[in-house]
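Structure record follows, encoded as structure tokens.
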Amino acid sequence: MRTRAFLIVVFIAVCGLLFAGDFATFQNLGFSEDSRHFMFAQYGAVEKTALPYAELFVVDVATNRFVSGGVKKATYNHPIQPGLDGQGALFNLLTDSVDLKKRWGINHALTGRLVYILLDGAEPKSQLEFRDFQDKKKYRITLVQSARGSGTEVSSSFHLVVTVEQTDGRFTTHTVGLPDYWRKGVRSYKIKQVLLAPDERSVVIVVQREEQDATGVNIRYMVETFKP
């Protein structure tokens, strides 16, 4: 029994080393009434210290850029307890960001309509094709990415090629993102969600980033937006 218990402890320790790093949770925080602005957040706990953190963003959907003063970040001094995910950090940051919410008219109840989600454990695809059965449009989203270097010296870039087929058969194609922008410490990207804004025209694509640092692999999120 002692040998078995020892092996279990070793196995858990090895797994901890293999999966070191922290995994943020994405949170849709809603659109403005005119769908021009979108607020989202990510939160979690720093792997080495268990200190909870939260990051909050407001995006101008038409320009695919953060609004002025639209990025808020905070790390709090009380470590989370086992089994918790650091959500309290998000609640604190939201309380401290009420002025930002009011300035851009964000309504937390206007979260848009989810038209695609990558379920946990599912194989990510570099190309998605789906139909929005409500407005009859067809979407094809191709994720184009490149990486160079390895370990903590890795860097990568990506962009999205989006084709929208209208109900009358017309096609429009959009390049979304910055193809020539290399992000240091990022290994890869995957499409996590696709949302339609309340205006049923603006599109938000949630992208999951896999980052590498000295502690291991960390998961973070970003969004790309466009208006066909």
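The values are calculated or read from the model by the stated rules, or taken from the named source; none is laboratory data. Just so it is clear, the model here is predicted, and its values are computed rather than measured. Cβ placement follows ideal geometry from the backbone for every residue including glycine, while neighbour counts extend to all protein chains displayed.
I need a count of the residues in region 136-171 that are among the acidic types (Asp, Glu) and either touching a helix residue (DSSP H, G or I) at 6+ places or on another chain (Cβ under 7 Å) or loosely packed, with under 13 Cβ neighbours inside 10 Å (or both). Reasoning before the result, please.
Initially, region 136-171 is screened for residues among the acidic types (Asp, Glu), giving 153, 165, 168.
Still in the list and also either touching a helix residue (DSSP H, G or I) at 6+ places or on another chain (Cβ under 7 Å) or loosely packed, with under 13 Cβ neighbours inside 10 Å (or both): 153, 168.
Qualifying residue count, region 136-171: 2.
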Answer with yes or no whether Phe91 is outside the structural domain of Arg201 (by TED's automatic domain parsing), buried (at least 18 other Cβ atoms within 10 Å of the Cβ) and among the hydrophobic types (A, V, I, L, M, F, W, C). no
Checking the conditions here, which among Arg201, Arg187 is farther than 19 Å from Gly30 by Cα and touching a residue at least 40 places away in the same chain (Cβ under 8 Å)? Arg187
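So that you can scan it fast, the table gives a plain yes or no per residue for (1) surrounded by fewer than 19 Cβ atoms within 10 Å (Cβ to Cβ); (2) among the acidic types (Asp, Glu); (3) under 17 Å from Ile117 (Cβ atoms):
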| residue | (1), (2), (3) |
| --- | --- |
| Lys184 | yes, no, no |
| Ser188 | yes, no, no |
| Gln208 | no, no, yes |
| Asn218 | no, no, no |
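Return the residue satisfying two criteria in turn: it lies in region 94-135 and is charged (D, E, K, R), surrounded by 15 or more Cβ atoms within 10 Å (Cβ to Cβ) and at pLDDT 95 or above, and of such residues it is farthest from Val204 (Cα to Cα). Give the derivation first.
Just the residues of region 94-135 that are charged (D, E, K, R), to begin with: 96, 99, 101-103, 113, 120, 123, 125, 129, 131-132, 135.
Of the ones still in play, those that are also surrounded by 15 or more Cβ atoms within 10 Å (Cβ to Cβ) are 101, 103, 132.
Restricting the remaining residues to those that are at pLDDT 95 or above gives 101, 103.
Values: Lys101: 18, Arg103: 21 Å.
Looking at the filtered set, the residue picked out is Arg103.
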Which of the residues that make up region 37-53 are free of Cβ contacts under 8 Å to residues at least 40 places away in the same chain and buried (at least 22 other Cβ atoms within 10 Å of the Cβ)? Pro52
Please return the ranges of strands (runs of 3 or more DSSP E) entirely within region 120-228 where 2 or more residues are assigned by TED's automatic domain parsing to the domain that holds Lys48, under 19 Å from the mean Cα position of the chain (by Cα) and closer than 28 Å to Asp22 by Cβ. none
Selection from region 82-105 of residues that are assigned to a loop (DSSP other than H, G, I, E, B) and either farther than 14 Å from Gln42 by Cα or of a type in the set (A, V, I, L, M, F, W, C) (or both): Pro82, Gly83, Leu84, Ser97, Trp104, Gly105
Condition check: within 19 Å of the chain's Cα centre (by Cα), surrounded by fewer than 20 Cβ atoms within 10 Å (Cβ to Cβ), within 30 Å of Pro198 (Cα to Cα) and modelled with pLDDT under 95. Does Asp85 satisfy that? yes
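Do we have any residue at all in region 117-124 that's in contact with a Gly (Cβ under 9 Å, 6 or more places away or on another chain) and within 26 Å of Phe226 (Cα to Cα)? Before you say what the answer is, go through the steps one by one.
Quick first cut of region 117-124, residues in contact with a Gly (Cβ under 9 Å, 6 or more places away or on another chain) only: none.
There is no residue in region 117-124 that is in contact with a Gly (Cβ under 9 Å, 6 or more places away or on another chain) and within 26 Å of Phe226 (Cα to Cα).
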